[in-house]
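Take a look at the structure below.
The values are calculated or read from the model by the stated rules, or taken from the named source; none is laboratory data. Note that the coordinates shown come from a computational prediction; the quantities given were computed from them, not determined experimentally. Note: ideal-geometry Cβ built from the backbone for every residue, glycine included; neighbour counts use all protein chains shown. The area values use the complete protein model at the heavy-atom level, side chains included, leaving out ligands, DNA and RNA. Shrake-Rupley method; radii C 1.70, N 1.55, O 1.52, S 1.80 Å.
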Amino acid sequence: MSVNEHDPGGPIVRASSLGRALDAYGVPSLSAGFANRVVASAEARPAPLPPLRRTRRRWRLGRTFAIGVVSFGALATAATATGLLQQFDIPVPSAETVWARIAGEAPAAANAPVPALASGATEPTAVAKVAIVGPIDTPEELREAFRRIDEVRKGRLAVRNERIGQRIDSAIERRRTAGLPVPTAEQETALRERIAAAEARRQDVAEARIAARREALQRKIDNGQALTREDIGQPWREDARSLRRREALRRLPPEERRAWREAYRARNGAAIAAPVPAPPAAVLEALPDPSPDPNGRLP
Amino acid sequence: MNAKSDPSTIALPGICPADDAALAARLAAGEASALREVIARHAAALHRLAYRITGDAAESEDIVQEAILRLWDRAAQIAARHPVGSLAAPNLRLGGWLQRVVTNLAIDRLRRTRRLPGGEVPDRADDTPPADHLIEGNERDAATRALIAALPDRQRAAIVLTYYEELPNAEAAAAMNMNIKGFESLLYRGRAALRQAWTAQGDAP
């Protein structure tokens, strides 16, 4: 029986009719001289090509990639160490900041909320780039220096006004939250006007001082003298405490100095939105004080 | 379909593969006597395999010759992977490697033949009598040949490897570069088709 009716795909039994038929399939023998032909072909065959170096190729690719990664890392490290990135205004976080982000810990500086400036305010860091390369010895260069300084001052002034406004709002809000009397709309308007007037007077004094200083600088240029960075910039405070602090800061390692600078900036920025521990004297004096607080401080 | 360059671990029935590593080393050294030894050991079985898949004696000789020449070309690589005396040496089975190459070449030739107009294979001048002449006068043989030739290429190869060459399914699957499950499915369908064709011929009881 050649056909397995129950399993048509099952093994073929040799004793079956199909098996006998398959076994009858004869095979001719190889032709005479087959071996000689093959050997002759083999001997006449050109030498085979060398094998492809696939594993080497993979290694070469990997090595190229590794060299690229290491080179990029070395260049990036060198650029960071030399301060090149900061020259292009690319923020470089300190090691402590990076570790705090990885570990999920919040460093003291990072806890400070970022100040929310109004859209009209100019961020001082964005314009505070008064780079004077080489001595200034022409009126054009001096005008350019003054122009840049004015830009910075304008930005700082906008931030200062914004901070004053926010501190007033914050103080009023805290009083309202504490259930204390708050100034009426008229009182608040009068308060803001007084503060603005005080700020304007302060600016007038500062501008008079600046104008006198600029005249002196202009005279130097007119006399053919060259101005250095120290002549143009604000003079350093030379008291003993400032000297000691500058020297200590100078001796810090670059990473710690950078971290200190970041913390300082964060503290300055946080002062806007954080609870105000000590409002400016002008705000303090202007607010109505119905509570008999002996310290004269807002609750 | 190209054969893998890594030698198979399949051995042709009745052939001792113990000194295949030494034979490969001699082939790599270019010894013609080693090539003659390979032909003496494997050529007949390989020709039988190729003939039963292709049904053409001259074509089968070409296939066997091509397989042996490929072994000749790649002997250096094979010998380097299985140095004499190493742990890898006993695993070398030149017969299995050749069997895989012949199976794949035969299936390739069948497909190429089908693509050519008229279904004819361009053949070189050969004094070997055609297969038709060899089996002429044997009607039963011709009928069986027609039965097998009617099968699809890979089913035909599966039947030849398991029935005629008596390879276990795993080794036959390796010779066809297939996994065992796929091969068993292919073999099942081949056997079913063969039985159906046999029944249709009216020879079944």
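Quick rundown of the values:
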{"item": "Filter result for A:E256 (modelled with pLDDT of 85 or more and open to solvent by 50 Å² or more (accessible area, probe 1.4 Å))", "result": "yes"}
{"item": "Sole exception among (1) facing chain A (nearest Cβ under 7 Å); (2) among the basic types (K, R); (3) within 20 Å of the chain's Cα centre (by Cα) for B:R154, by number", "result": "(1)"}
{"item": "Selection count, the range B:143-181, where residues are assigned to a helix (DSSP H, G or I) and polar (S, T, N, Q)", "result": "4"}
{"item": "Residue count, the range A:212-227 (criterion: at pLDDT below 85 and open to solvent by 60 Å² or more (accessible area, probe 1.4 Å))", "result": "2"}
{"item": "The range A:133-183, residues that are small (G, A, S) and surrounded by fewer than 13 Cβ atoms within 10 Å (Cβ to Cβ)", "result": "A:G134, A:A178, A:G179"}
{"item": "Hits in the range B:175-194 (condition: crowded, with 23+ Cβ neighbours inside 10 Å and more than 14 Å from every other protein chain (Cβ to nearest Cβ))", "result": "B:A175"}
{"item": "Verdict on B:L110 being touching a Pro at 6+ places or on another chain (Cβ under 9 Å), away from chain A (no Cβ under 13 Å) and either surrounded by 20 or more Cβ atoms within 10 Å (Cβ to Cβ) or at pLDDT below 85 (or both)", "result": "no"}
{"item": "Total residues in the range A:38-57, condition at pLDDT 80 or above and open to solvent by less than 80 Å² (accessible area, probe 1.4 Å)", "result": "6"}
